[in-house]
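The next block holds one structure in the form of structure tokens; read it before the comments.
Computed from the coordinates by the stated procedures, all read-outs in this text should not be read as laboratory data. Keep in mind the model is a prediction, meaning the values are calculated, not measured. In this analysis, Cβ positions are derived from the backbone assuming ideal geometry, glycine residues included, and neighbour counts consider all displayed protein chains.
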Amino acid sequence: MTGATTDTALSPETRPLEPIAPSHRFVSDALDVVVRSIVPVLLALGAGAILLLALGRDPITFYSNVWKGGIQLTAWQDSAIRAAPLLLIAVGLVVVFRANIWNLGYNGQFLLGAALISGLGPHLVASEPRWLALLLLFLVAGGAGAAWTLVPALLKARYETNEIITTLMMSFIGVGVANILIKGPFQDPSVNIPQTRVLPLNKMLPSIPGTRIHIGVLVALAAALLVHFVLTRTSFGLRLQILGANPRAARHVGVKVPRLIVMSFLVSGLLVGLAAAADILGTWGYVRANWNPAYGDTVIPFVFLARLNALAVIPFVVFYAVLSTGGDLATQQASLSTDFLLVLVALILLFMTVIEYLGRRRALGASYLTPGLQQALRSPRLRRRTSA
Amino acid sequence: MRGGRFGRPPRRDERLRTESLNRKAAIPTGSQSGRESERDPADAPAVELVGITKQFPGVLANDDISLTVRHGEVHCLLGENGAGKSTLISILSGMVRPDAGEIRVGGRMVQIDSPRAALELGVGTVYQHSTLVRALTVLENLLLGETRGLRLDVEAARARLAEVAATLGVEIDADAPAGELALGRQQQVEIVKALWRGSRVLILDEPTSMLTPQGVAELQKVLRRLKETGISVIFITHKLHEALAVADRITILRAGRVVGAIETAELEGSSAEEVQGRIVRLMFGEDARAVADVAELRTDLEGEQAPLDEQRSEAATLLALSRVSARPVGGFDPGLEEVSLELAEGEILGIAGMDGNGQRSLAEVIAGERALSAGEIRLYGVPVERLDVSARQKLGLRYVTDDRLGEGIVSSLPVSLNLFLKRIGQRPFWRHGRIEHRSVEREAQSLVKAFDVRTPSISTRAGALSGGNVQKVVLARELSFEPKVVVFNKPTYGLDLRTTSTVRDMIRGLARGGGAALVISTDLDELLDLCGRILVLSGGRLVGEVENGPNAGERVGELMVGAGDVAAA
């Protein structure tokens, strides 16, 4: 097989390529989106099935358990709740990634916001009306997340310092500061474990009537829609896109690059902070020291799968939320570690890279298939040889 | 034998010289072309390409190219950008491997799969852009190519340099830092480097693009010396008059194919006009008529000059720079030092100079992309140095960048948006921060039509367009909505001649319509073709002014060189 394909791969392709007619362009673009986004997920699920078989588990049972635990009956509501912080972080990352800025400090931004509102929350809800207290807490979390991006933002805007390094460093500091706050001033004096006081259930985010879904989910959806609108329809969004696609062009056409860098960082940090508020005020009600859900790490592959599109992020995040909610049940039933779900995410990333590579070849005028593979599929002689 | 090569370079060269003498003796004069079938390997042409084909994704760069280069001839490859010249020399110099075809060097079929292999076969290449390490001396640069043995034999290398320099008929200071040499001298070092190991074939890729007229004359002398020693030269150019000046034979490429050749007899036998007409027809086929007036295709550059604008002294000054300075940028741009100039209505003012002498700073300072450290810029008498890019754009002060792919367009955005990149957020294309798709599209359609941008649609990604069409997009953006003063930085660099002709007509049209153009170019022919007055920029300073007229080219060249010497001293 390999011998045969290399033979044909070396044969010269001298036929000039036909230009793609504009009418086919739209269809092929749409196909492109499907191929690049959904195929990696399907391939990962397929590879996951093979892995399950190798481990002696039944993949059909496993995936149907995921469905049972993530969607059926009222399980979809749990999935929706789980999706809220993920979606807010994903959208926050879309904003900066579009500008080719890598805010990787989401863990610090998230935990700092979470620690601040779990510390201040019990006091605020006691003294203020519930809606005002919750609104203030959302603002505090968002503000904390935004403020924590300020140092990397200014360094990048002023000195072009690499933000991957600075945001990561600030993230470690943020996680540390959050833990100090939880063990220090915000420590619940009535317990021995390092954690904050617990918000009373009736003071947390209200649910949508008839469901368990808290309104943080709506906040997340609204944020995704708003960000999508801003990125695609406004001058700010276009400037951001230009900065991301070609920073030298941005400077050339008169975009005020430093200001734009700081702005996009602040918006990103704000959204990550809001994710903390939605998660703490909607789901947990308190924070324990050394708790780090690392939502951002899980969500990054989906941000890329969604091609940095804030709307397209929604189905992917929902997909992951279902996978992880249902996966709790499925892995338990199959007596596997929940880490198996991370294996699935990793497989998605892997296949995404492969498809991306093939897609780039195609963008250069070639096909998704390598020439050797193409020949092998086309030529009946070869098919005979491989089967013989 | 190889091991001894470097240790005793003179002896080896003696051998080569006798070889070439023997070869000459073996061939009865005049029979060279007559008995091709019976020749023995020693008579074989220096290089022979047979059926070379190279396909890149989406483009057939070389299509069945066959070519013969004889000993001791200067063989010109002439063709527009994209005709396949560069691919062909990349194949010969071992940078690219052909999909099909044969290469024979000295009659022997060879595989050239690396630049080193090319050198081993005696094929040396001088690329368009310098490959010298600026901080090292000439001698050190030459020693960089030596890979045999651990010890560097500096004295032998010095002797070899003197010897090759003598062959070329030039003087090269072995201990001068390469970066401090004039560009013409640097090119000579590159030629020495290419001949270092006794190459018999020398490839020169667009060798005159960086040279002053004086440098070009000196290069021609070097070429004559090389011919006398029996070395074959493959000379790549897109300028017709250069090809006619140096070539023994000319091969014309178009769209990856050989479309014709002019033999020595024809070059010597017929008049310049006849040959020129024939070449233009070969290069462009049907379109020959449309491009025949472009400077690159004329042989009589000094005779016909752009008309001087008689009324210039009375015309209003549109743009005035007084003692403008700007800080240097990295190691590439020396910034500006007290640059003063005035640009009058209807004028096309040229800025000549070698690359990296402050051209970019000058353009960006005027456009508002770079802050000035001192001085004043006035547009219609009003100071504008505090205004940003889009404010100046709105006032009619425009900048057509030389780096059209790098910063002129955003290749992932559609053509329509690229046309309005400098008006983001402005009415009527944006209202309250929201884009008005309908007015953007309507205006984009009419701009695409007016500037003849060949694009499948206005929603096509700008990066999918050809170089010429990208330039038209940039021009449409900068020359629409009442342009008054436009800075053109290398406006036709890398464009095919049809587009070049169109762009120059646009520049003339702008000046005729009451605007003014500042044309920055490293191509002296272009400036002589367009401008009434040419200023020379060197080391970030204006070092002189030349009125266009007879011998203007020489005087500009002298200024470029003279100032360079002063700066180095």
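Remarks
- Legend: distances between Cα atoms for B:Lys394/B:Lys449; B:Lys394/B:Lys484; B:Lys54/B:Lys239; pairs beyond 19 Å are B:Lys394/B:Lys449; B:Lys54/B:Lys239.
- Computed FRET value (nearest 0.05) for B:Ala176 with B:Gln214, which takes r as the C-beta separation and R₀ as 25 Å: 0.85
- The label-point distance for A:Leu51 and A:Leu329, in a model that sets each label 7 Å from Cα toward Cβ, rounds to 2.2 nm.
- Two-decimal Rg/Rh across the stretch B:405-480, once Rg and the Kirkwood Rh are taken from alpha-carbon atoms: 0.94
- Put simply, the C-alpha atoms of the stretch B:344-455 give a gyration tensor, and the ellipsoid matching it has half-axes of 28, 18, 14 Å, longest first.
- Ignoring lysines fewer than eight residues from A:Lys156 along the same chain, the ones with Cα atoms less than 23 angstrom from its Cα are A:Lys256.
- Prolate/oblate/rounded call for the stretch B:175-222, Cα gyration tensor, a/c under 1.5 rounded: oblate
- Amide H to amide H distances under 5 Å link B:Ala100 with B:Thr53, where only residues 5 or more positions off or on other chains count and H is placed in the peptide plane.
- Neighbourhood net charge (9 Å Cβ-Cβ; Lys/Arg +1, Asp/Glu -1) for B:Gln214: -3
- When restricted to Cα atoms, the stretch B:112-179 yields an Rg and a Dmax of 12.9, 34 Å, respectively.
- Cα pair count fraction exceeding 24 Å, expressed as % - the stretch A:162-261: 60
- Remark: the Cα gyration tensor places the stretch B:491-548 in the oblate category, a/c being 1.5 or greater and a/b not exceeding b/c.
- The three principal axes of the Cα atoms in chain A give end-to-end lengths of 81, 59, 36 Å, sorted in falling order.
- Sum of side-chain charges, A:Val272 neighbourhood, beta-carbon under 15 Å (Lys, Arg +1; Asp, Glu -1): -3
- Cβ-Cβ distance of A:Val33 and B:Glu163, R₀ of 51 Å, FRET efficiency by 1/(1 + (r/R0)^6): the value works out to about 0.20.
- Over the stretch A:89-236, the reciprocal of the mean inverse Cα-Cα separation, the Kirkwood hydrodynamic radius, stands at 17.1 Å.
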